[in-house]
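Here's the structure, in structure tokens; my notes come after.
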Amino acid sequence: MPRIALDLNKAADRQKVHGEWRVGHGFVPGEANEGLTTQSAGSDARLKDYDDSGWEVCANVRQSHSSGFTFIWYRITVEVPQRVDGATVAGNRLWFETSADNYGEVWVDGELNRSTGAIVGLNLPHRVEISPSAVTGAKHVIACLVANGPLGAPRGGVFLRYATLAFESSN
């Protein structure tokens, strides 16, 4: 099977995996000061079962949010279809590819692969394996934490340059 890539910034491709982006502002969305507190133990927005239903729907992950020192969470739940564009995708490796402006983390089903899930540097392309063998009907939650940088003097806004879901033959 050739590589099949879905652009998760396009509504038609998101429909193929029953996905909808939601965006939450802050390290801990809904809390004062964006949830930034000394020695915080983390944000529950990374967890698979976190309720993001109150967050705004985000039709365009390239849209810039906020400015200065800020954090934004992007979350989407994708369901592995049986077929994409006529090709069977079950059994293929499943990847999420993105580039965060500026710093980012990619959490898959509430877990961060510390060697591949953190996006280090400004606007670097990144690829995280969601599954070594996609299973039809399986649902995966992708949560991206994005911070504006450089942290000492941030500029511009926060956004994802792209968001791709890719199926590739494991052979």
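When you filter the GluC sites (Glu not before Pro) in the range 1-101 for DSSP loop state and at most 11 other Cβ atoms inside 10 Å of their Cβ, nothing is left.
So which trypsin sites (Lys or Arg not before Pro) in the range 1-76 end up in coil per DSSP with only 16 or fewer other C-beta atoms within 10 Å? Could you put the intermediate results ahead of the total?
Working: sites: 3, 10, 14, 16, 22, 46, 48, 62, 75; in loops: 3, 10, 48, 62.
Listed in order of number, the matching sites are 3, 10, 48, 62.
Rounded to the nearest 20, the size of the Cβ-charge dipole of the range 1-134 about its Cα centre is 480 debye, with Lys and Arg at +1 and Asp and Glu at -1. Suppose every Lys and Arg Cβ carries +1 and every Asp and Glu Cβ carries -1, with no other charges. What dipole size does the range 1-51 come out with about its Cα centre, to the nearest 20 debye? Using only the charged Cβ atoms, the result is roughly 360 debye. Working from Cα pairs under 8 Å separated by at least six residues, relative contact order for the range 4-168 is 32 percent. Distance between the modelled labels on residue 153 and residue 97, one decimal in nanometres: 3.4 nm (7 Å Cα→Cβ projection).
For 50, 74, the sequence from fewest to most other C-beta atoms within 10 Å is 50, 74. Taking 13 Å as the cut-off, no amide N atom of the range 14-36 comes nearer than this to a point 7 Å along the Cα-to-beta-carbon line of residue 111. Tell me, what is the Rg over Rh of the range 82-171, with Rh the Kirkwood radius over Cα pairs? When Rh is taken as the Kirkwood radius, the ratio is 1.05. Ordering 21, 95 by the number of other Cβ atoms within 10 Å of each residue's own Cβ, fewest first, gives 95, 21. For the range 11-92, the residue among 19, 82, 42 whose Cα projects farthest onto the positive side of the dipole built from Cβ charges is 82.
Read-outs throughout are calculated quantities, based only on the coordinates presented, and are distinct from any laboratory measurement. Fair warning: this is a prediction, and the values are worked out from it, not measured in the lab. All Cβ positions, even for glycine, are placed from backbone atoms using ideal geometry, and neighbour counts span all protein chains on display.
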